[in-house]
Amino acid sequence: MTFWQALKHSYRGSFAFLIACPLLAMIPVAFELLQHVVEVRLGMYDSVQAAQALDGNSIRMAFGFLKTVALTVPYYWVTRWLATRDSRFAAQFDLAAVRPFSGFLLVMVVLTAVQLFALPRTGTATAIAFVAGVIVSVLLAGWGIASALGNARIGPLKSAAIMGRQLLWTFALFVLGMLPLMVPHYAFAILAILGPKALLWPVLIVDSLLVGWLTALLIAMAYFAVKRATDSAGVPLAGAAAATAPAGS
């Protein structure tokens, strides 16, 4: 799979997931919207000065943490849908997948907590944390994707070994792939602060919907990158249930 094929499949697959599984797709949207509700109540969108002053507010950070967790959990169902195109299989509580996926989720939650609450919030530190975060996400992507498919044989170390072979390729895929959605995401944040207050909630709602697509897109890019890496390494990606699941709607 070439770089551009992976990018094309990621965009098409993520958008198709939104249509096929609208209720699952709305979960990260709801948590993004909840954070916006908290930000509005705090007065974060009243002015540029208010936004800067409230950026590190403890209440906002707590809800931001919950939102980030809500953006990680969809790894489970987006992956399962992309692998089978079966909505029922995507939403199924599969103990063989939930057990290893819980370990992945726990590690990602801890890393998120460290990034949000332990690291300094200076420009340089934020940039370093972003690059480091993407690298860690690339190295652990094999673990997350395989565990969601019920394959417990690919743990964090094996994932890092497999994904490390195409670290730069996947890093570039993640960064370039997210840009078309990240640019309007930040533009909406600026518009919410500087634009007419009559547009505040329409902007925040559209932004929340955009985050729902961005969540599915990031996971789709991880899925296709991991599939490329495991195919190249000759390592099975899916567990028995996912491998035999019939394609469905």
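The values are calculated or read from the model by the stated rules, or taken from the named source; none is laboratory data. Being a predicted model, the structure only gives us computed values, none of them experimental. As a convention, Cβ positions derive from the backbone with ideal geometry for all residues, glycine included, and neighbour counts pool all protein chains shown.
Here is how the numbers come out for the structure above:
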read-out: Residue ID - nearest to residue 12 (Cα to Cα), chosen from residues in the range 74-116 that are among the small types (Gly, Ala, Ser) and in contact (Cβ under 8 Å) with a residue 12 or more places away in the chain; value: 83
read-out: Residue 225 being among the small types (Gly, Ala, Ser) and either within 29 Å of residue 52 (Cα to Cα) or in contact with a Lys or Arg (Cβ under 7 Å, 6 or more places away or on another chain) (or both); value: no
read-out: Residue ID - nearest to residue 219 (Cα to Cα), chosen from residues in the range 31-43 that are touching a residue at least 40 places away in the same chain (Cβ under 8 Å) and among the aliphatic types (A, V, I, L, M); value: 33
read-out: Condition broken by residue 22, with the remaining ones in (1) of a type outside the set (Gly, Ala, Ser); (2) without any contact (Cβ under 8 Å) to a residue 24 or more places away in the chain; (3) under 30 Å from residue 232 (Cβ atoms) satisfied; value: (3)
read-out: Those helices (runs of 4 or more DSSP H) lying entirely in the range 1-117 with at least 1 residues surrounded by 15 or more Cβ atoms within 10 Å (Cβ to Cβ), acidic (Asp, Glu) and modelled with pLDDT of 95 or more; value: 22-42
read-out: Residue selected from the range 160-193 under the condition more than 22 Å from residue 209 (Cβ to Cβ) and free of Cβ contacts under 8 Å to residues at least 60 places away in the same chain, by the criterion surrounded by the most Cβ atoms within 10 Å (Cβ to Cβ); value: 170
read-out: Yes/no for residue 122 being of a type in the set (Val, Ile, Thr) and farther than 21 Å from residue 179 by Cα; value: yes
read-out: Checking residue 236 against (1) touching a residue at least 40 places away in the same chain (Cβ under 8 Å); (2) out of contact with any Leu (no Cβ under 9 Å at 6 or more places or on another chain); (3) part of a helix (DSSP H, G or I), the condition it does not meet; value: (3)
read-out: Positions within the range 203-216 being closer than 15 Å to residue 174 by Cβ and either free of Cβ contacts under 8 Å to residues at least 24 places away in the same chain or surrounded by fewer than 24 Cβ atoms within 10 Å (Cβ to Cβ) (or both), in sequence order; value: 214
read-out: Top-ranked residue of the range 145-181 - restricted to ones that are not in a helix (DSSP H, G or I) and not basic (Lys, Arg), ranked as farthest from residue 82 (Cα to Cα); value: 155
read-out: Where residue 48 falls short, out of the listed (1) under 20 Å from residue 211 (Cα atoms); (2) touching a Leu at 6+ places or on another chain (Cβ under 9 Å); (3) not basic (Lys, Arg); value: (1)
